[in-house]
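Peer 1: Encoded as structure tokens, here's the structure I'll be asking about.
Since every read-out is calculated from the coordinates, none of them should be taken as a lab result. Quantities reported herein were computed from a predicted structural model and do not represent experimental measurements. Note that each Cβ is placed from the backbone with ideal geometry, even for glycine, and that neighbours are counted across all protein chains shown.
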4 protein chains.
Amino acid sequence: MTGDRDLRIAVLGVGVMGADHVARITSRISGARVGVVNDYITEKAEQIASEIDGCRAVADPLEAIADPQVDAVLLATPGAVHENQLLACLEHRKPVLCEKPLTTEVSTSLDIVRQESQLDRPLIQVGFMRRFDDEYMHLKALLDGGELGRPLLMHCVHRNASVPSYFDSSLIVKDSLVHEVDVTRFLFDEEITSVQILKPSSNPAAPEGVIDPQIAVLRTASGKHVDVELFVTTGVAYEVRTEVVGEKGSAIIGLDIGMIRKSAPATWGGQVTPGFRERFGRAYDTQIQRWVDAVRAGVNVDGPTAWDGYAAAAVCAAGVESLHTGLPVDVQLAARP
Amino acid sequence: MTGDRDLRIAVLGVGVMGADHVARITSRISGARVGVVNDYITEKAEQIASEIDGCRAVADPLEAIADPQVDAVLLATPGAVHENQLLACLEHRKPVLCEKPLTTEVSTSLDIVRQESQLDRPLIQVGFMRRFDDEYMHLKALLDGGELGRPLLMHCVHRNASVPSYFDSSLIVKDSLVHEVDVTRFLFDEEITSVQILKPSSNPAAPEGVIDPQIAVLRTASGKHVDVELFVTTGVAYEVRTEVVGEKGSAIIGLDIGMIRKSAPATWGGQVTPGFRERFGRAYDTQIQRWVDAVRAGVNVDGPTAWDGYAAAAVCAAGVESLHTGLPVDVQLAARP
Amino acid sequence: MTGDRDLRIAVLGVGVMGADHVARITSRISGARVGVVNDYITEKAEQIASEIDGCRAVADPLEAIADPQVDAVLLATPGAVHENQLLACLEHRKPVLCEKPLTTEVSTSLDIVRQESQLDRPLIQVGFMRRFDDEYMHLKALLDGGELGRPLLMHCVHRNASVPSYFDSSLIVKDSLVHEVDVTRFLFDEEITSVQILKPSSNPAAPEGVIDPQIAVLRTASGKHVDVELFVTTGVAYEVRTEVVGEKGSAIIGLDIGMIRKSAPATWGGQVTPGFRERFGRAYDTQIQRWVDAVRAGVNVDGPTAWDGYAAAAVCAAGVESLHTGLPVDVQLAARP
Amino acid sequence: MTGDRDLRIAVLGVGVMGADHVARITSRISGARVGVVNDYITEKAEQIASEIDGCRAVADPLEAIADPQVDAVLLATPGAVHENQLLACLEHRKPVLCEKPLTTEVSTSLDIVRQESQLDRPLIQVGFMRRFDDEYMHLKALLDGGELGRPLLMHCVHRNASVPSYFDSSLIVKDSLVHEVDVTRFLFDEEITSVQILKPSSNPAAPEGVIDPQIAVLRTASGKHVDVELFVTTGVAYEVRTEVVGEKGSAIIGLDIGMIRKSAPATWGGQVTPGFRERFGRAYDTQIQRWVDAVRAGVNVDGPTAWDGYAAAAVCAAGVESLHTGLPVDVQLAARP
């Protein structure tokens, strides 16, 4: 596509995840817009399309994929229909970001991989979003930098306060563990060769017949050990924690208190923030996005006003005076217009 | 302006901050683009303009402001020229986001406030970006929610590893303290009525004649006390910390280990993450922005591939099998195409 | 005394602190036992004596001091009677561990110091137990090791959930700030030359007429700055925190991060420290064990000296004066004998 | 024994641990003294005896046990001689604090339990000192208080920087895992019924032929799951961490967050714990003080019993078997006498 206009995306499936993606592309993503939405509940798609400039609802997902006005596809449909929709994307050469799972069967996933491999470039990206999380990216960089030596072990915790009523024991594996599976492959850059699920006595709060918690034990090609606590009815909160233990040290993320690193010589801690751009970079993004939105909405300001700038100047001027005298200096503000 | 096309912004001043803002608007902000850049070093502006579709350099900042193709202005010029440029924005009714300071003199800042107050709506926003930082927003929400009772005290720390050679004792007040001045006014919703600068013995590493560290003591209209350590030659790192002490508890941000909250009944801690959208919302943003960029660039994928989706499916299928048997299950991957 | 039998200690005053000390010496301190107890409430002393093998109650504190069966004295009586009792200890050459304050007046504290200085070895140790706390010892070692460079600043927080009904504004200085006064002198190895008490608007939960919180600003001989938040009616818990900022780095103790607990409703955290006995109980043990060992070894003192008690009294007296005037008050110490 | 004089203890074995215990009893424990020391290196025992008032060296450990001047015995000899020495203690009715292991064989441990059970009161306490550590006591109290609901899972980490050259794969089970075995039994109040040792690829820094790290998976009678990372050649520091996950929440101890230090080059953190003496030194003090008090009170035991020693031995024996087979091994305990 030409690089100088916005990418026109078709979002297929506008349930919770899909609707989030529509809002994201419309309000926070630069260089793209939602051109088409589709859902098996037609009214929902039409409602969403009506709220976005230049967006229309298309009833048939395959028609949406084939539409020449669509540059790329975001698949947030149920896993069971992914196979057909991915094949259509490949046929029509449409780049596609596919929410996990790729497909619901191992064999069809492999089919998709093989079909795509015959093209001259890949078209499919899978939505394992942890790879884009600051903490995981930080942990990956730490491992790649070699500070911890070669990784040997990983301990993971994956807890939900509760899960929807349709969750069963297998979904804990396919829908929860799948993230740690990808984290393992991402951090260690190797395949998993064995998996075992241990079943402790269950939580009384788990639905009848659901085995929860579960402990998954993974082993990689080179013999690395990974254990994962999967516990989806804790009643507390969402908690995702990962600790990698290497030959020279260990690092843990997800404690809700930042990353704590241990390595020789005998210290623990994290990285200090090198400068304001690292500390406040996202705040700048947020500030400008909200200002842009305010100007487009005609209110012009969504943040500190000129009065705030004046008041700060007055206080600082008094501060500079106190710097010279050493005494407290009163701040006299003009009446606010 | 009409809401259905991108906001065309003129960025005035493309030094470090201004160039950051150009990159931000171009790559991470939805609904806006940089239409005009200006700098007193003409070549720099022309270089930047040449790299952005539909952007041109304009030599005269006042001409850039007046330009009918410019919807809004971002002022990243030196403070000394802000007054003229802001007056031009007011005259031409251009919304403007002005990097601190508003102007370099208290009297001219007040002039600007008064001029703007005669319009039917505000046009000027000042770049105190901490108000958009997650931790400060979180702290503000905690205070507004009343959990800590009415605030009584605030302790702040503002440390830089080092500062540019032109920094002097007054700049520590006007350029560093100014942020805590705005934080005080933002968090407490009241004006500062007195300020005192204490001068401990100086750091040997501070430049000759510069008083560093300094301790600022602020007092607000209702008698709240704020102390600020300003120390800009620590040699360590950037560190901004704020603790508010209220009638019923205290909260501290900026420890590099998350927010730690203390309140009755006798507990300390922070908030746990309620769900994956809160935990990984930004990761989703990043994922989709990078995918959009990859598709626009024609590489289509910048993240997990279809193979990654297949491999995860294969491991999870083995996991489901182990869930039934309780035994380790080997994972057999096909040859990678 | 001969080193091969237990030190026989007279404990004068068996209120909360004194009774704690009796239990400590009887059950956790090696090489000492309580031989005599005294209290102005005779029944209390007799009750305690009856529970300890070989211990008797003595009605007159001066008789207890003079008793040849008493090797050393632990003074946990009210400050107002310390002067007489310390003089008796000096007269009878009895080593004495004196709970703060040394005496209630600066002039009498100086008298005690001068009287003691005429002996061939010291007899008086003052109960500033923070010097024996693991965290403070760790911080002292860090400073002495030079890793942080020369200290420049110190920020202290001293919070109580509540205080007894007799507490008034001056006692916050004399009974709470006195610890940070000694910590400053201990960590920095120099005298305090100026003190100022700032008075923010008060906590509504503070008793009528009591100024709480207070901010104390100390300055040392070499120009180091120390600020102390004193807040004794927080309603939350006991919290003592100290951060030292040096030329090359900073260190903070007292953040209360131990066991981390997560439970519904959606919180994480640990337990805050309910009071000074939980926070500093082990420091008291260590203090008394080291004092017992010093007395048995004939050196009598292994901790804060009478001079340390006098210096603290002088700084606090200046603090009380500043509490009234609001201005910085210089501290004038006598020449050290 | 009569309660009004110090307990006279014979310390058998004065290697690192035994010598620590001698110093502890002599200088920090109230109500006891070391009357006799013994070691197979006679000179070492004589040297130590010569430094303590009223202490003598005895060449034969059985003679030391039988000595009427000895009230109680502390066994810090190699495990291989424990059986004989414990039998002698039982014969002479001497209370004994026995460093782990109780004996080196499961069968002899059970013999000891049965012999002791024929007496009218227990005589043997086993040195599982973690039960006396503040953090473990705090965690036990949290569990017993019910705040976390019934425990379901436990994750443990047990790391050493390095181990002596005689350490082999089995000793990692018998000498390191044994602590988590006792912690499991202590916190959960139930027996362990199965143990499996998993063998990830080994650390290159581990001695030739030693399997390190190991992952132990324990299962209790009621189906609770415990996993333990055992890694004794990390090169970093000593690290013992325990997280319990219950029906209503979780709690973690051992994260090492104390003093937080920031200094160049750009790091923050605290000190990691160099070894078990720093981590558990106070627990040893508490253990011995409580044992001394129990013996003086005539109840002899206030801590882990001979049964606890036997049960730990049985679990570790199963662990060693799993180390060879790689399969889960059931633990079969004899009926409790």
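Peer 1: For the range A:201-247 and the range D:109-136, what is the centre-to-centre distance using only Cα atoms, to the nearest Å?
Peer 2: A separation of 35 Å, based on Cα centres.
Peer 1: A follow-up question, please. With the crude spin-label approximation of a point 7 Å out along Cα→Cβ, what separation in nm comes out for C:D53 versus C:H324?
Peer 2: In this crude label model, C:D53 to C:H324 measures out at 5.5 nm.
Peer 1: Starting from the Cα of C:K100, draw a straight line to each of the lysines and keep only those under 23 Å, dropping any in the same chain fewer than 8 residues away.
Peer 2: Of all the lysines, those that pass the test against C:K100 - Cα under 23 Å, at least 8 places apart if same chain - are C:K44, C:K140, C:K174.
Peer 1: Report the rotationally averaged projected area of the protein assembly as shown based on its alpha-carbon convex hull, in square nanometres.
Peer 2: 53.7 nm²
Peer 1: May I ask you to order A:132-142, B:193-203 by the average number of other C-beta atoms within 10 Å around their residues, highest value first?
Peer 2: B:193-203, A:132-142
Peer 1: While we're on this one: Out of all DSSP beta bridges in the protein assembly as shown, what portion is antiparallel? Express it as a percent rounded to 5.
Peer 2: Approximately 60 percent, going by the DSSP bridge assignments.
Peer 1: May I pose another question? Rounded to the nearest 0.05, what FRET efficiency do C:S170 and C:Q332 have when you use their Cβ-Cβ distance and R0 = 22 Å?
Peer 2: It comes to 0.65.
Peer 1: Let me ask something else about it. What are the nm distances, shortest first, from D:E208 to its equivalents in the other copies, labels at 7 Å along Cα→Cβ?
Peer 2: The answer, with the shortest distance listed first, is 6.2, 6.5, 8.6 nm.
Peer 1: Set the Förster radius R0 to 41 Å, insert the Cβ-Cβ distance between C:S107 and D:A23 as r into 1/(1 + (r/R0)^6), and round the FRET efficiency to 0.05.
Peer 2: About 0.35, to the nearest 0.05.
Peer 1: Still on this structure, please answer the following. Taking the Cβ of A:A206 as the centre, find all other residues whose Cβ is under 12 Å away and add up their charges (Lys, Arg: +1; Asp, Glu: -1).
Peer 2: That sum, taken over residues with Cβ under 12 Å, equals -3.
Peer 1: Tell me the relative contact order for the range C:112-253 as a rounded percent, counting alpha carbon contacts under 8 Å between residues six or more apart.
Peer 2: 34 percent
Peer 1: A follow-up question, please. In whole Hz, what ³J(HN,Hα) sequence does the range C:225-236 give by Karplus (6.51, -1.76, 1.60; θ = phi - 60°), x for Gly and Pro?
Peer 2: 3J(HN,Hα) across the range C:225-236, in whole Hz: 9, 10, 10, 10, 7, 10, 8, 10, 10, 6, x, 9.
Peer 1: Residue-wise, which Karplus ³J(HN,Hα) couplings in Hz belong to the range D:57-70, taking 6.51 cos²θ - 1.76 cosθ + 1.60, θ = phi - 60°, and x for glycine or proline?
Peer 2: 8, 10, 6, 9, x, 5, 5, 4, 5, 6, 3, x, 7, 9
Peer 1: Can you give the mean number of other chain Cβ atoms that lie within 10 Å of the Cβ atoms in peptide A:171-180?
Peer 2: Mean number of neighbouring Cβ atoms from other chains: 4.
Peer 1: Just to check I understand the Karplus step: with θ = phi - 60° and J = 6.51 cos²θ - 1.76 cosθ + 1.60, what whole-Hz values come out for the range D:197-213, glycine and proline as x?
Peer 2: 10, 9, 10, x, 4, 7, 5, x, 7, 6, x, 2, x, 8, 7, 7, x
Peer 1: How big is chain B on each of its three principal axes, counting only the C-alpha atoms and giving the largest first in Å?
Peer 2: Between the extreme Cα coordinates on each principal axis of chain B lie 78, 58, 46 Å.
Peer 1: How far apart, in nm, are the 7 Å Cα→Cβ label points at C:R5 and B:A221?
Peer 2: 7.5 nm
Peer 1: What do you get for the angle between helix C:16-27 and the principal long axis of chain C? Use alpha-carbon atoms, 0 to 90 degrees, nearest ten.
Peer 2: 60 degrees
Peer 1: How much length would be gained if the chain were fully extended between B:H92 and B:D134, taking 0.36 nm per residue of separation minus their Cα-Cα distance, in nm to one decimal?
Peer 2: Between B:H92 and B:D134, full extension yields 11.7 nm more.
Peer 1: Of the options D:S50, D:T26, D:F167, report the single residue whose Cα projects farthest towards the positive end of the charge dipole of chain D (beta-carbon charges: Lys, Arg +1; Asp, Glu -1).
Peer 2: Towards the positive end, the residue furthest out is D:T26.
Peer 1: Sorted from shortest, what are the nm distances separating the label point of D:A141 from equivalent points in the other copies, each placed 7 Å from Cα along Cα to C-beta?
Peer 2: Its label point is 2.6, 3.4, 4.2 nm from the equivalent points in the other copies.
Peer 1: Quick one: angle between helix D:106-117 and the longest Cα principal axis of chain D, in degrees between 0 and 90, rounded to 10, please.
Peer 2: 50 degrees
Peer 1: May I pose another question? Return the FRET efficiency for the residue pair D:E208, A:D189: r is the Cβ-Cβ distance, R0 is 25 Å, and the value is rounded to the nearest 0.05.
Peer 2: With R0 = 25 Å, the Cβ-Cβ based efficiency is 0.35.
Peer 1: Nearest 10 degrees is fine. How inclined is helix C:82-91 to the longest principal axis of chain C, computing both from alpha carbons?
Peer 2: Orientation of helix C:82-91: about 50 degrees from the principal axis.
Peer 1: Skipping prolines and chain starts, which residues have an amide H placed within reach, meaning under 5 Å, of the one on C:R56, given they are 5 or more residues away or on another chain?
Peer 2: Placed amide hydrogens put C:V36, C:V37 under 5 Å from C:R56.
Peer 1: Follow-up question, since we're still on this one. Counting only other chains, and only Cβ atoms inside 10 Å, what mean value do you get across the residues of B:100-109?
Peer 2: Partner-chain Cβ atoms within 10 Å, mean over residues of B:100-109: 6.
Peer 1: Using a label point 7 angstrom from Cα along Cα-to-C-beta, what distances in nm, from shortest up, separate B:G223 from the other copies?
Peer 2: From this label point to the equivalent ones elsewhere in the assembly: 3.5, 6.2, 7.1 nm.
Peer 1: Using modelled amide H (1.01 Å from N, peptide plane; none on Pro or chain starts), what sits under 5 Å from the amide H of C:E247, excluding residues fewer than 5 places away?
Peer 2: Those lying under 5 Å, H to H, from C:E247 are C:R150, C:L152.
Peer 1: Right, next: What is the mean number of Cβ atoms from other protein chains located within 10 Å of the Cβ atom of each residue in peptide B:239-246, rounded to a whole number?
Peer 2: Mean number of neighbouring Cβ atoms from other chains: 3.
Peer 1: Using amide H atoms built in the peptide plane, which far-off residues or other-chain residues are under 5 Å from A:C98 H to H?
Peer 2: For A:C98, the qualifying residues are A:L75, A:Q125, A:V126, A:G127.
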